[in-house]
Amino acid sequence: MTELEGKTVSETKIDGNTYKIFPNDLNSNGMVFGGLVMSFLDRIALVVAERHSEKVCVTASVDALHFLAPAKAGDILIFKAAINRTWKTSMEVGVKVEAESPFSGKHIHVVSAYFTFVAVDDKNTPCQVPPLLPESEIEQRRYLEAGIRRKNRMDHARDISQRRHQKNTFDKT
Ligand SMILES: CC(C)(COP(=O)(O)OP(=O)(O)OC[C@H]1O[C@@H](n2cnc3c(N)ncnc32)[C@H](O)[C@@H]1OP(=O)(O)O)[C@@H](O)C(=O)NCCC(=O)NCCS
């Protein structure tokens, strides 16, 4: 397999896309509907992955999606997304959303998540992605931490697979 040319984080990142919240974006509790925000997160992160790989990408998994605070009608959602690490055919993209009150200017951290995308060809076969060249200290920290999350994902998948292959056992642990 030929080595592709590396790309930096700043070549593909999204730094401050905005979405104004209107009443039809709310849940029954008057806060922004979480599923709507999740859909935005996936799309925004996808843009980063496709910019990096220059391929069609599919969402393989999502880690650590935590809603930390509610956003409300009138707020402005501000999306930031950056690639944290690449492997052979997959990439981890981190996304953070803040809600800004247009009246006070106050920002609150609403949600963060880590998406793993796989670049695929026209037969949906995973294909190689360019390596990432982390530059700043924060990019290097995210690169290392993405490795820890990937190990957890792999360990989890292996544990589940082993468990499913163990026949006639049932223990609640
Ligand atoms: C993601 C997908 C392409 C992986 O295909 P696959 O045949 O399992 O491919 P492989 O086992 O060769 O793995 C390919 C890459 O995917 C990664 N991967 C597979 N499953 C994963 C998961 N659950 N989480 C994170 N990464 C995963 C592998 O680690 C590998 O990455 P690497 O090459 O960088 O090491 C395939 O499972 C798929 O098409 N899933 C559906 C995707 C989709 O429809 N998304 C939208 C959901 S609505």
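Brief remarks on what is shown
- In nm, spacing of pseudo-spin labels at ILE148 and ILE14 (7 Å Cα→C-beta vector): 2.7
- For the cross-link pairs LYS7/LYS55; LYS80/LYS123; LYS13/LYS123, the ones whose C-alpha atoms lie over 24 Å apart are LYS80/LYS123; LYS13/LYS123.
- Interchain or long-range residues, amide H under 5 Å from ALA60's placed H: THR116, PHE117, VAL118
- Helix-only mean residue ellipticity at 222 nm for the chain, each DSSP H run of n ≥ 4 adding -39500 (n - 2.57), per residue, nearest 500: -10000 deg cm²/dmol
- Between 0 and 90°, nearest 10: helix 137-165 axis offset from the chain longest Cα axis: 60
- Paramagnetic label zone (point 7 Å from Cα along Cα-to-C-beta, LYS72; backbone N under 12 Å) in the stretch 18-40: 30-32
- The chain shape via C-alpha gyration tensor axes, a/c threshold 1.5: oblate
- Qualifying aspartates and glutamates (Cα of each under 14 Å from Cα of LYS20; at least 8 residues distant if same chain): ASP75, GLU98, GLU100
- Highest-MSF residue in the chain out of ILE138, ILE108, ILE76 [GNM, Cα springs under 10 Å]: ILE138
- Per-residue SASA entry for HIS109, accessible area with 1.4 Å probe, Å² rounded to 10: 70
- With the simple spin-label model, which puts each label point 7 Å out from Cα in the Cβ direction, the ASP121 to SER104 separation comes to 5.4 nm.
- Nonpolar atom fraction for the chain, defined as the carbon and sulfur part of the 1.4 Å probe accessible area, stands at 54 percent.
- Check: the chain dipole with +1 on Lys, Arg Cβ and -1 on Asp, Glu Cβ, in debye: 640
- Long-range amide H partners of LEU133 with built H, under 5 Å: LYS7, THR8, VAL9
- The chain: angle of helix 34-53 to the longest principal axis, Cα-based, in degrees nearest 10: 50
- Using a Förster distance of 35 Å, the FRET efficiency for VAL58-GLU5 (Cβ separation, nearest 0.05): 0.90
- Database remark: amide H of ALA71 closer than 5 angstrom to the amide H of VAL32 (H placed geometrically; neighbours at sequence offset of 5 or more, or on other chains; Pro and chain starts carry no H).
The values are calculated or read from the model by the stated rules, or taken from the named source; none is laboratory data. All values derive from a computational prediction rather than experimental measurement. Reconstructed Cβ throughout: ideal geometry from the backbone, glycine too, with neighbour counts over all protein chains shown. Areas reflect the complete protein model, heavy atoms only, side chains present, ligands, DNA and RNA absent. Shrake-Rupley method; radii C 1.70, N 1.55, O 1.52, S 1.80 Å.
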